[in-house]
Structure formats: structure tokens, C-alpha cells
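Reading through the C-alpha cells given below for one structure.
The values are calculated or read from the model by the stated rules, or taken from the named source; none is laboratory data. Values in this document were obtained by computation on a predicted structure and should not be read as measured data. Here the Cβ is made from the backbone with ideal geometry for all residues, glycine too, and neighbour counts use every protein chain on show. Just the protein is used for accessible areas: all its heavy atoms, side chains included, with ligands, DNA and RNA removed. Shrake-Rupley method; radii C 1.70, N 1.55, O 1.52, S 1.80 Å.
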Amino acid sequence: MKVDVEMGGGSPKLLERKQAVYRNLDEGYEIHGEKYKGQQYSHIYFTRLHYMRNLLYSLVPKWKPNLPVNTVLGLEEEKECIIAGTMYKHMKLKPSILDEYSKERSKVPLVKPHNFVHPDDHLILEDESGRVKLAGSLLDPSAFVTGIVVALHGKETSEGKFFVLDMLEAGLPPQIEQPPSSTEDKYVVFVSGLSIGSSTFNPLQFQLLVDHITGHLGDENEQTIASQIVHFIIAGNSVQILQGLLNGQTIAPRDQAALTEPIKELDILLNQLAAAMPVDIMPGPSDPANFSLPQQPLNRCLFPGASAYNTFISCTNPHQFELDDIRFLGTSGQNIDDLFKYSEAKNKLEFMERTLRWRHLVPTAPNTLGCYPFTDKDPFLIESCPHVYFVGNQDKFETTLLRGSDNQSVRLICIPKFCETGVAVMLNLRNLECHPLCFSTSLNV
């Protein structure tokens, strides 16, 4: 992994690529030995409720030390107490397969294409004993989704509702101590939404990125920076296969090339990257992987060229790892895109912050986002706060530094779709500062 730089006198200067200690933490997302036996999703909800409720109960004495803790069934009218449970959001516009067969369908108002939030939505809290409708102005239904676990302070009204006076979320989880600040720069590059095979994919644009970070473009200063890139992350939607070809019918020989060509082209590009640095590739919704979360690693047989390198790592989605003791957690974007459909926030970064405060990476699974029906665990619970939290396939690059009440510090990153924006993201491990890398093949720029 060396880069040659032409000096003024014509003699090449050899740059050694910097290294970082890598540790893959995807084991919790890998499905080994699990067999589907017709189990329902009640198990994963029960596991989530049990874990989160115990956590919230441990915080109650400091939050409301003099109030009793009740179950939903144990509520008494006009008596203040605390209840903890799973939130359910009743949504008037939530799509239902039954609507397609309903004679009343024409009476349902037209749904906004991007969001199913309606002013008449309301919240319900449920535990093993029962469920109760929530009342009061403290909670705005548009900011919540089905599946999160919270503790509520309030009282039962004469109408049988629970009037909410205060709410307790789990908050950011504990964070492992960040290693002492290094004096040398090391960079991680993120990219997502390559969509090779789609009409928007520009081969030259991505080749410019590959050549830049592998040290084949730019002056001596830029090549020195390129030699400090220690890892490359591809966060989903690397290829775009025409869905019309995947209809269950036998594929004609002329269509087989259209099906395999995007993957072959991706392998050629990965081959160049893996020859220069460690590369992690995560599956996304458009990639040839299982649909439901957690998505399992793309089969290495798809990439015969890149798989020859031990620097090529096919990962799960979500993906968790450490570089020089800095913990990363990320997804290909499905969790945030689903929150965008069923709740509202000022930007995607606020959705990311909410998942950390709720301590759940995919709160809408399995209600509106497919996931595997685990029976003894909920792998999406966030037990340790990452230092870097990223999501791929977003509309634009956004970033902020989130700070928690216990001195947690998290760099949030929205990685834009490269095929539409030509933007990758570069993160400095020394100080967790990040900036976009912009590439364009237009002569008008």
C-alpha cells in the first residue's frame, strides 16, 4: 500500500499508507443457526420491553423519587404514578393491505407521497397487562413512532385515558472512553448510493474518487492526504438491478448480461480500492442481499476480484466496528428513511439523535420495516454509545456533534447518494471532524 509521488527533480517519493487497528463488531447482527419456525414478532417486542423497562426503572428514583410505579392494569383514577411500556402510534394514513379491498377506500384522503403523519394521530402505551390511550399536550404524536419504550408520569382520567405530565426517555447509552487525541491525521472515507447499473450512475465520477483516494490524482499535498486514508466504507445501494428482470421467470440470455454487468463493474472498482486500503461494503435495499434487517453480508462470490484481497470485508447492515478504539455504528439508511415516513423532524440528523436517545437503532421494526423474527434478543438495542454514527443514502450531506449528559460525544453523519450528488465524506480520526469530497464531470462547474 504505497503511493509514488513525483518530486520536482523527477525522482519519485514513496509514501507509506498509514494503518489503523480494525475490529469488526458485527457478530450481534449475524444470523447463525437461526431457523424460522413460524414464530411471530411478539418475542422481539417482549425482549425490547423487558430490557428497556428495567433500564428506565433504574432511572426513576433519580427522576421522580416519590411516585409509585404501576402497570397499565393497575392505574387508579386521578392518582399520579409512573408507567413504562411500549408506545403504539395510531395513524389514520398508515398504509394497510386491507385498504386495497375496502369499499370505503375512496373516502380515505390522499396520502402525501413522503409522509403519513396526520393531525388526528394519537399515542397509546401498552405493557403485558393492557394498553391505555395517552392524553395531554406534552407529547406531540408527530415526533414519536410505534416501538419505542418510555416511562411516563401522569394520572388516569375519568375517561380512562392517561394524562401525561412528564416523560422519561432512556437517553444516550454509556460510551467507552475515547482514546487520547492523536497527533497524526488518519482518515476514513464514506460513500453510499453508487447505484451502478442505474441511469444516474456516472462511471467517470466514481473513478475520479477511486483515483483520488488511492493517490493517483492531485499534487504532492493531495497525495500525502490520500496516504493518510486508512479505511473505506461503502454504506449500501452499490448496484441497481432492473426489477423487471426479477419476476420469477426464466431470464433470457440477452437479459443475463444486464443482470450481472453492474456487479462485475462494481467488482472492478472494489478491486482497485482493496489493492490500496481496507474496504468495508454494506448491503442496502437495492443490493443482492436479503431484504429484512439485519441484512447479511453480500456473498464474496459476487466479487471474485476484490475477494482475493484480505483487505476486502463484506459486512452486515447495520454495521458496527472499531478503528483505533473509536467505535463506529452505521446503517444503509433504511431506519432513518422509515422514521421520515412515519414521524416528523427538522432534518435527518434529528431522527438520528432520537434513535440514540431511545437507545434503539430501528424502532419502527418490525411494525413498518421488515426484520428477522428473533425470539431471544433484539439486536438493534444500542447498549454502547458509538463515537461515530452514520447513515447512508440520504439526499444531502449533513453532520453535527451530539453531546450527552454523561459527557458522551457522538459525530452524526448523513452520507449522500453518490450517484446523485457526487459527494463522499471524509472523517479525521484525530478529532472526528469531517468534510465532504465533491466530484463532478460537468464542464459547467
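In percent, how large is the relative contact order of region 11-86, given Cα pairs closer than 8 Å and 6 or more residues apart?
For region 11-86, the relative contact order is 23 percent.
Would you work out which of Ala257, Ser142, Leu75 lies farthest towards the positive end of the dipole of the chain, given +1 charges on the beta-carbon of Lys and Arg and -1 on that of Asp and Glu, about the Cα centre?
Leu75
State the extension gain, in nm to one decimal, for the chain segment bounded by Ala257 and Ser158, taking 0.36 nm per residue of separation less the distance between their alpha-carbons. Let's see the in-between values first.
Numbers: separation 99, 0.36 × 99 = 35.64 nm, distance 6.75 nm.
Stretched fully, the Ala257-Ser158 segment lengthens by 28.9 nm.
How much length is gained on full extension from Asn310 to Glu30, taking 0.36 nm per residue of separation minus their Cα-Cα distance?
Extending this stretch completely gives an extra 98.8 nm.
Using a 10 Å cut-off on Cβ atoms, rank the peptides 321-330, 273-282 from the highest mean neighbour count down.
273-282, 321-330
In whole Å, what is the distance between the alpha-carbon centres of region 20-58 and region 238-313?
Result: 27 Å between the Cα centres.
If you filter region 326-428 for GluC sites (Glu not before Pro), then keep DSSP loop positions with at most 11 other Cβ within 10 Å, what is left? List each step's numbers first, then the result.
Details: sites: Glu344, Glu350, Glu353, Glu383, Glu398, Glu420; in loops: Glu344, Glu383.
Hits after loop and neighbour filter: Glu383.
Sort Lys346, Lys79 by heavy-atom solvent-accessible area, probe 1.4 angstrom, most to least.
Putting Lys346, Lys79 in descending order of accessible area: Lys346, Lys79.
Per residue, how much accessible area does region 359-445 have with a 1.4 Å probe, in Å²? Numbers along the way, then the final one.
Numbers: 3280 Å² over 87 residues.
Using a 1.4 Å probe on heavy atoms only, each residue of region 359-445 averages 38 Å².
For a quick protection proxy, order the peptides 217-225, 178-186 by their average other-Cβ count within 10 Å, most packed first.
Highest mean packing first, the order is 217-225, 178-186.
Cα-Cα over 23 Å: which of Lys64/Lys161; Lys346/Lys396; Lys348/Lys377; Lys133/Lys155; Lys155/Lys377; Lys62/Lys161?
Values: Lys64/Lys161 21 Å; Lys346/Lys396 14 Å; Lys348/Lys377 28 Å; Lys133/Lys155 12 Å; Lys155/Lys377 32 Å; Lys62/Lys161 26 Å.
Correct reply: Lys348/Lys377; Lys155/Lys377; Lys62/Lys161.
In terms of solvent-accessible area of protein heavy atoms at a 1.4 angstrom probe, what is the ranking of Tyr51, Tyr389, highest value first? If you can, show how the numbers build up before the last one.
On the way: Tyr51 75, Tyr389 0 Å².
Output order, biggest surface exposure first: Tyr51, Tyr389.
Taking only C-alpha pairs under 8 Å that are 6+ residues apart, what is the relative contact order of region 357-445 in percent? Before the final figure, lay out each step's value.
Numbers: 110 pairs, mean separation 17.4, N = 89.
That works out to 20 percent.
Show me the ranking of peptides 163-171, 135-143 by mean Cβ neighbours inside 10 Å, starting with the highest. Intermediate results must be reported in sequence, preceding the final value.
Numbers: 163-171: 16.8, 135-143: 14.8.
In decreasing order of mean packing, 163-171, 135-143 become 163-171, 135-143.
How many angstrom lie between the Cα centre of region 341-383 and the Cα centre of region 63-87?
25 Å
What number comes out for the charge environment of Ser181, summing +1 per Lys or Arg and -1 per Asp or Glu over other residues with Cβ under 13 Å away?
Residues close to Ser181 contribute a combined charge of -4.
How much of the accessible area of region 288-445, in percent, comes from carbon and sulfur atoms when a 1.4 Å probe is used?
On the way: 2720 of 5770 Å².
Within region 288-445, the accessible surface is 47 percent carbon and sulfur.
Can you compute the modelled spin-label distance between Thr224 and Ile176, with each label point 7 Å from Cα toward Cβ, in nm?
Each label point lies 7 Å from its Cα, and together they span 3.2 nm.
What is the helix-to-structure angle for 348-357, meaning the angle in degrees between its Cα long axis and the longest Cα principal axis of the chain, kept from 0 to 90 and rounded to the nearest 10?
Once rounded, one gets 60 degrees.
What ranking of His216, His153 comes out by heavy-atom accessible area, probe 1.4 Å, highest first?
Largest to smallest exposure gives the sequence His216, His153.
Using Cα pairs closer than 8 Å and at least 6 residues apart in sequence, work out the relative contact order for the chain, in percent.
For the chain, the relative contact order is 20 percent.
Provide the net charge surrounding Val21, with neighbours chosen by a C-beta distance below 12 Å and charges set as Lys +1, Arg +1, Asp -1, Glu -1.
Working: positive: Lys18, Arg23, Lys186; negative: Glu322, Asp324, Asp325.
Summing Lys and Arg as +1 and Asp and Glu as -1 gives 0.
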